[in-house]
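Chemist: Have a look at this one.
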Amino acid sequence: MSRVKIGVLQFPGLNCEDETLRVLDFAGCEGKLIRWNEAATELAKCAGFVIPGGFSYQDRVRAGVIASKSPLMEALAREVESGKPVLGICNGAQILVESGLVPGKEPGRVDVAMARNKTVGREGYISAWVHVRAGSRANCFFTHELEEPFPIVIGHAEGRFHTRDERLLAHLDERENRTLYYCTPDGDEATEYPFLPNGSAGALAGMHGLDGQVLAFMPHPERAAWLWQVPEDIEGAWSVQRRAAAMAGDIATRPGPGLAMIQQFSRLSKVESV
Amino acid sequence: MSDLSFLVRGRSVDLVAMTARRALQTTLGLGDEVLDLMRDQLVCIAGVEDASAAEWSAAIASHQHWFNPNKHRFASFVSADGAFAAIKGNGDWPSPWLREIVDTDRPDLVAARESGKLEDLLAGWMAPPSEAGAFAVSFIAYDLEDGVSRLPVGHWPGSGYEFLQAVLWTIVLRAEDAAAARARAEELLVTRTRTSGMLVHPHMEGYTAVGAARPCKTTTEVQA
C-alpha cells in the first residue's frame, strides 16, 4: 500500500525538519523535504504539508515574516485553495500567520500577530511541557477526534496569538470555538503561568484557517510523538503510561501524545496522490 | 526635568535591514524602486534629573547596554516636552520628538551638531546620499502595548528611571514627488497582506512618520 506523501517545507534557518520527517514516517506517511528554492511544482506532488519549527531567516525583522513573502508560500496558498492540509509548527505557525493563511478570513490578509510571550509572572523565551486541548466546535482537520487534554512541549519567545480584530476576539471568547488552547492537566482553561505560558488571546496554542485545513500550532508534536519523550513526572495519564511502558520494556515504539495530530495526514491516503 | 532620547546604529552591515531590503526588492519584486533601508534603535529615557543631559549622554555612551563603540554610532537628544508621557500612554511618538542635540560620535554629523541644526543632523543620520529623484522617509515603529522598562541599578547617574524603546526605519525609494514617496513608503512599512508591507505588524505595533519625505542629496551635492 502506497503511503501518502507529505511535503516538509524548509526555509533557511528552520531546524526541525529531520525530526518532522521521522515522525511522518512513524505516522505512516512519506515525508518529502522541499527547500525554499525548489520549483513550486514540487508542491503538486504532495497531498499535504508541514512547515517545521526553527528560526527562518534568523527571525530577522519579525519571526516568520521574511519566509511568509517567499514565492513558495504563494504556491502553498494555491495548494491550500485546492483543499490540501497544512500544519505549521512553532516557527511554521508564525509563517502561516504572517502569510495570512491563518486565520485566512480574506485571502492573504494578515489579521493576527504572534507577539512576544507575556503573561503574569513570566516574559520571554520559554521551553516547557504544557497541556493543551481542542475546542469541540473547532472543526479542524488536525484535531479530528482529539478530545482529551494532552501534554506537549513548547519552545518559543513569540508565541502569543494577538489581534486587534474585535470580532475575532469575540469569537474566541467561547472556548469551544478555539482550535487548541492551553489548559490545566484536568482540562480547565489555563489562565495563568505556568499553565498559560505566553499570555495568548483565548489561551490559544493553535489557530486554524477558515476551512479548517490549515493549522498554526505553537507546540511541537514531533517532540512528543513517542512515549519515551514524555517526562516521567508530568501530571496526568501519559506519564503513568510512560512509566508502565518503561517497566514492561516496550517504550521505544509506543506512540506519544503528539502523534495523533500528525497521523491525521494518513487519512489522506484515500485521496489520490499525484 | 527633560526626557532624553538617543539613536544607535551599527557601524557595519545591518543584516536585519539588508534582509528586509532584499525581500522587498527581490522577493516582492520591487526592484530598484527601493534603493536603501536603514534601521536604528531609538530609546527614550523619562525625566532625567540626577545629572545634566550631557552627563547622561556620556553615561549611555560608556555603558554598553545599548551602545558598543566598536560596533555602533550614536546620537543623543533632549526630547520634546512631554515626549515620554505621550509615548507611554500608547500614543504616537510626538512630533517634533527631538528638541536639542546633546552629543554624537558621527564625524560626518559633527558640523551639523556644532551648528545646532537639528534637521540637518537628522537628515544626515537617517539617510545617506543617494541618486537624483530619491526620497527618504522615516518612521518610528513602537510596541502598542506598554513597553516601559526600568534602567537597572548602577552605571547611570540615577536608578529606577523608566525607558521606552522603538525602531526608526528609514526607507529610501524612487518616487515622483515627496507625497508619493510618503504614501508608498507607508505601504511598504505596514504588513497588510502576504504581498504588501513588511516592517510593522499593525496588530501589535504602531508607527508615526518623522516629518515629511525628504529629497536625498546626491553624492555630488554632498561632496560639493
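The values are calculated or read from the model by the stated rules, or taken from the named source; none is laboratory data. Not measured: the values here are computed from a predicted model. Glycine gets a Cβ as well: all are built from the backbone with ideal geometry, and neighbour counts include every protein chain shown. To get the accessible areas, we keep the full protein, side chains included, count just its heavy atoms, and leave off ligands, DNA and RNA. Shrake-Rupley method; radii C 1.70, N 1.55, O 1.52, S 1.80 Å.
Chemist: No solvent, one uniform scatterer per C-alpha: report log10 I(q)/I(0) for segment B:1-65 via the Debye equation at q = 0.12 1/Å, two decimals.
Modeler: Each listed q maps to, in turn, -0.49.
Chemist: Between chains B and A, what is the buried accessible area summed over both chains (1.4 Å probe, protein heavy atoms, nearest 100 Å²)?
Modeler: Summing both chains' loss of accessible area gives about 2300 Å².
Chemist: OK, next. Let me have the relative contact order for segment A:128-201, percent, based on Cα pairs under 8 Å that are six or more residues apart. List each step's numbers first, then the result.
Modeler: Numbers: 115 pairs, mean separation 31.8, N = 74.
Dividing the mean separation by the residue count of segment A:128-201 yields 43 percent.
Chemist: What does the net charge come to around A:GLU30 if you take all other residues with beta carbon closer than 13 Å to its beta carbon, with K and R at +1 and D and E at -1?
Modeler: Net charge in that neighbourhood comes out at +4.
Chemist: Quick test of the membrane-span-like rule: which DSSP H helices of chain A reach at least 20 Å along their long axis (C-alpha atoms) with mean Kyte hydropathy at least 1.6?
Modeler: Membrane-span-like by this rule: not one helix.
Chemist: Once you list every other residue whose beta carbon is under 14 Å from the beta carbon of A:ALA134, what net charge do they have if Lys and Arg are +1 and Asp and Glu are -1? Spell out each step's value before the answer.
Modeler: Values: positive: A:ARG133, A:ARG137, A:ARG175, A:ARG178; negative: A:GLU145, A:GLU147, A:GLU148, A:GLU174, A:GLU176, A:GLU189.
Spelling it out: positives minus negatives among the neighbours equals -2.
Chemist: A further question on this structure: Averaged over its residues, how many other protein chain Cβ atoms are within 10 Å of peptide B:183-193's Cβ atoms?
Modeler: Mean inter-chain Cβ contacts per residue within 10 Å come to 2.
Chemist: Which of the listed residues, A:LEU96, A:ALA170, A:ALA75, is farthest toward the dipole's positive end in chain A, when Lys, Arg count +1 and Asp, Glu count -1 at the beta-carbon?
Modeler: Selected residue: A:ALA75.
Chemist: When only alpha-carbon atoms are used, what values of Rg and Dmax, in angstrom, describe chain A?
Modeler: Final numbers for Rg and Dmax: 17.4, 52 Å.
Chemist: Per residue and in cubic angstrom, what volume does the convex hull of the Cα atoms of segment A:199-255 have?
Modeler: Roughly 112 Å³ of hull volume per residue.
Chemist: A further question follows. In segment A:160-207, which residues become less accessible by 50 Å² or more once every protein chain is in place, relative to the chain on its own, using a 1.4 Å probe?
Modeler: Hits at the 50 Å² cut-off: A:ARG164.
Chemist: Can you give me the Kirkwood hydrodynamic radius for segment A:1-150, using every pair of distinct Cα atoms, in Å to one decimal?
Modeler: Final number for the Kirkwood radius of segment A:1-150 is 16.4 Å.
Chemist: On alpha-carbon atoms, Rg over Rh for the protein assembly as shown using Kirkwood Rh?
Modeler: Computed over Cα atoms, the ratio is 1.02.
Chemist: Taking every DSSP beta bridge that has both residues in segment A:1-118, what percent is antiparallel when rounded to the nearest 5? Could you put the intermediate results ahead of the total?
Modeler: Details: 1 of 13 bridges.
Bridges in segment A:1-118 are about 10 percent antiparallel.
Chemist: Add +1 for every Lys or Arg and -1 for every Asp or Glu among the other residues with Cβ under 15 Å from the Cβ of A:VAL214, and state the total.
Modeler: Every neighbour counted, the sum reads -2.
Chemist: Hey, got the average number of other protein chain Cβ atoms within 10 angstrom for residues in A:111-118?
Modeler: 4
Chemist: Same structure again: At 1.4 Å probe radius, can you tell me the per residue accessible area of the protein assembly as shown in Å²?
Modeler: In whole numbers, the protein assembly as shown has 43 Å² accessible per residue.
Chemist: So, one more: What does the highest-first list of A:21-27, A:210-216, B:168-174 look like by mean Cβ count within 10 Å?
Modeler: Details: A:21-27: 20.1, A:210-216: 21.9, B:168-174: 23.9.
Those peptides, ordered most packed to least, come out B:168-174, A:210-216, A:21-27.
Chemist: Would you mind telling me the share, in percent, of accessible area of the protein assembly as shown contributed by carbon and sulfur at probe 1.4 angstrom?
Modeler: About 49 percent, which is the carbon plus sulfur part of the accessible surface.
Chemist: OK, next. With a ≥ b ≥ c taken as the square roots of the eigenvalues of the C-alpha gyration tensor of segment A:4-53, please select rounded if a/c is under 1.5 and otherwise prolate if a/b is larger than b/c or oblate if it is not?
Modeler: The shape class here is oblate.
Chemist: Under 5 Å between amide H atoms, partner at least 5 residues away or on a different chain: which partners does A:ASP111 have, H built in plane at 1.01 Å?
Modeler: Those qualifying (amide H under 5 Å, at least 5 residues apart or on another chain) are A:GLY104.
Chemist: Another question, then. Calculate the mean, over all residues of peptide A:56-63, of how many other protein chain Cβ atoms lie within 10 angstrom of the residue's Cβ.
Modeler: 5
Chemist: For segment B:26-54, state which residues have at least 30 Å² less accessible area in the presence of all protein chains than in their chain by itself, taking the probe as 1.4 Å and leaving out ligands, DNA and RNA.
Modeler: B:THR27
Chemist: Run a plain Debye calculation on segment A:137-255 (Cα atoms as equal point scatterers, no solvent) and give log10 I(q)/I(0) at q = 0.09, 0.10, 0.15 Å⁻¹, rounded to two decimals, same order as the q list.
Modeler: Values, matching the q order: -0.28, -0.34, -0.72.
Chemist: Ordering A:ARG133, A:ARG242 by how much accessible area each has at a 1.4 Å probe, largest first, what is the list?
Modeler: The most accessible residue leads, giving A:ARG133, A:ARG242.
Chemist: Could you tell me the relative contact order of chain A? Use alpha-carbon pairs under 8 Å, at least six residues apart, and round to a whole percent.
Modeler: It comes to 20 percent, rounded to a whole number.
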